[in-house]
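The next block holds one structure in the form of structure tokens; read it before the comments.
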Amino acid sequence: MLREISLQDIQGFCIGSSEDAAGGTGCTVLICPDGAPCGLDVRGGGPASRETELLNPRAAAERIHAVLLSGGSAFGLNAAAGVMQYLEEHDIGFDTRICKVPLVLASCIYDLGCGSNVRPDAAMGYEACVQAEQNHTLMGNHGAGTGATVGKCCGPSYMMKSGLGVYAVQTGDLQVGAVVAVNALGDVLGEDGQILAGMRSREGRGFADTRRVLLEEYGTTDTLFSQRQAAGGTTNTTIGAVVTNGAFDKAHMGKIAALASNGLVRTIRPVNTTADGDALYALSVGNVPAELNTVGTLAAYAVEQAVRRAVSHAQSAYGIPSLHDWPR
């Protein structure tokens with residue numbers, strides 16, 4: 001029987017976050033001390049990432065040691081240096097003749113413009129690792145979700161606050177969990193298909209519905225999508241990681257990451273646009289025999305729930321309302 005569990009019930013990794021609430025950014029790290037086969041699915045048009053070629057089945061490395069989810073756009077990739085430092089100090093890494101080299105993957109969201117425009121650096125990445133010793137992270141305005149927002153098709157005047165979401169499930173001995181920082185161009189949908197959070201209406205109540213705006217107002221003077229995206233580039237991105245105690249190699253984890261991304265498709269509309277850098281990792285941290293499609297289906301479900309929790313746990317900040325403060 002399927003039941004919800006804590007993400008921390010999944011053994012073989014630990015998670016921690018750090019943030020600068022005033023600065024409007026943060027990062028979340030997943031550390032695998034013994035290494036973990038990892039796959040990646042990138043569907044967005046503008047990802048900011050680090051060391052992802054390690055996940056190519058033709059690459060020699062079979063395991064990685066950490067995944068960093070960060071704010072700061074591409075500047076936030078600097079936080080991975082702090083993760084590297086922490087792992088080296090704790091003797092975690094790929095063993096070479098001279099030293100152990102930590103294999104650290106990273107992806108970033110664009111949260112510049114929130115708070116005081118701070119970017120995650122090596123110190124913030126290191127602090128996230130220190131916090132991972134407690135193996136805990138809060139949802140909403142924390143970690144990589146500190147400066148996350150949604151519903152940005154017509155610019156920041158209409159967007160809403162989002163954040164970091166976490167969800168995990170178990171059936172039999174099999175466990176699957178997800179952590180997602182939701183910073184999407186589009187709207188987030190509830191179980192009933194209605195908008196939970198997204199682009200606000202001009203009337204000051206309810207939602208504009210990004211899909212409707214794109215389909216029905218295309219080419220009108222009221223639709224600022226093309227102009228704003230041309231000027232601002234890729235200023236969104238939803239990133240996350242799925243973890244399972246199912247035993248798979250990195251090629252299989254790549255397929256599981258792709259299946260897990262269906263959870264983004266079901267909950268964010270529109271999604272995977274050229275204005276998003278959507279990327280989802282999948283890590284195998286256990287040795288439980290499991291069937292790939294089952295794990296992928298569970299992973300997609302966990303991602304769905306994590307996305308919804310990212311907006312339901314978010315609090316209004318930086319002058320941006322959350323769903324708790326927005327009349328529907």
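At-a-glance table
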quantity: Selection within the stretch 149-159 - of a type in the set (Lys, Arg) and open to solvent by 40 Å² or more (accessible area, probe 1.4 Å); calculated: none
quantity: Residues of the stretch 1-60 classified as touching a His at 6+ places or on another chain (Cβ under 9 Å), open to solvent by 40 Å² or more (accessible area, probe 1.4 Å) and assigned to a strand (DSSP E or B), total; calculated: 3
quantity: Residues (more than 17 Å from VAL180 (Cα to Cα) and hydrophobic (A, V, I, L, M, F, W, C)) located in the stretch 270-328; calculated: ALA275, VAL285, VAL288, ALA290, LEU292, VAL295, ALA317, ILE320, LEU323, TRP326
quantity: Selection within the stretch 61-79 - within 22 Å of SER18 (Cβ to Cβ) and part of a loop (DSSP other than H, G, I, E, B); calculated: GLY71, GLY72
quantity: Count - residues of the stretch 251-272 that are surrounded by fewer than 23 Cβ atoms within 10 Å (Cβ to Cβ) and polar (S, T, N, Q); calculated: 2
quantity: Filter result for the condition that a residue is of a type in the set (Lys, Arg) and under 30 Å from MET159 (Cβ atoms), over ARG50, ARG63; calculated: ARG50
quantity: The stretch 114-135: number of residues that are assigned to a loop (DSSP other than H, G, I, E, B) and out of contact with any helix residue (DSSP H, G or I) (no Cβ under 7 Å at 6 or more places or on another chain); calculated: 6
quantity: Residue identified as within 29 Å of LEU323 (Cβ to Cβ) and open to solvent by less than 10 Å² (accessible area, probe 1.4 Å) among THR146, THR137; calculated: THR146
quantity: Unmet criterion (only one of (1) assigned to a strand (DSSP E or B); (2) open to solvent by less than 10 Å² (accessible area, probe 1.4 Å)) for GLY82; calculated: (1)
quantity: Conditions (1) buried (at least 24 other Cβ atoms within 10 Å of the Cβ); (2) in contact with an Asp or Glu (Cβ under 6 Å, 6 or more places away or on another chain); (3) more than 18 Å from ASN183 (Cβ to Cβ): number failed by GLY71; calculated: (3)
quantity: Check on GLY113, closer than 21 Å to VAL83 by Cβ and touching a residue at least 40 places away in the same chain (Cβ under 8 Å); calculated: no
quantity: The stretch 199-212 - residue that is surrounded by 12 or more Cβ atoms within 10 Å (Cβ to Cβ) and touching a residue at least 60 places away in the same chain (Cβ under 8 Å) and, of those, farthest from the chain's Cα centre (by Cα); calculated: GLY206
quantity: Count of the stretch 85-98 residues which are open to solvent by less than 10 Å² (accessible area, probe 1.4 Å) and over 13 Å from PRO33 (Cβ atoms); calculated: 0
quantity: Residue in the stretch 291-311 that is nearest to VAL188 (Cα to Cα), counting only those that are in contact (Cβ under 8 Å) with a residue 60 or more places away in the chain and surrounded by fewer than 24 Cβ atoms within 10 Å (Cβ to Cβ); calculated: ARG308
quantity: Residues within the stretch 150-167 that are touching a strand residue (DSSP E or B) at 6+ places or on another chain (Cβ under 9 Å), among the small types (Gly, Ala, Ser) and either in a strand (DSSP E or B) or farther than 27 Å from ALA302 by Cβ (or both), tallied; calculated: 2
quantity: Scope the stretch 172-189; condition open to solvent by 10 Å² or more (accessible area, probe 1.4 Å) and in contact (Cβ under 8 Å) with a residue 40 or more places away in the chain; matching residues; calculated: ASP173, LEU174, GLN175, LEU189
quantity: Verdict on PRO102 being over 30 Å from PRO321 (Cα atoms) and surrounded by 22 or more Cβ atoms within 10 Å (Cβ to Cβ); calculated: yes
quantity: Qualifying positions in the stretch 123-134 - open to solvent by less than 40 Å² (accessible area, probe 1.4 Å) and farther than 10 Å from VAL29 by Cα; calculated: MET124
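The values are calculated or read from the model by the stated rules, or taken from the named source; none is laboratory data. Just so we're clear, the structure is a prediction, and the values are computed from it rather than from any experiment. When we count neighbours, we look across all protein chains shown, and the Cβ atoms used for this are built from the backbone with ideal geometry, even at glycine. Accessible surface is based on the protein model in full, side chains and every heavy atom, while ligands, DNA and RNA are left aside. Shrake-Rupley method; radii C 1.70, N 1.55, O 1.52, S 1.80 Å.
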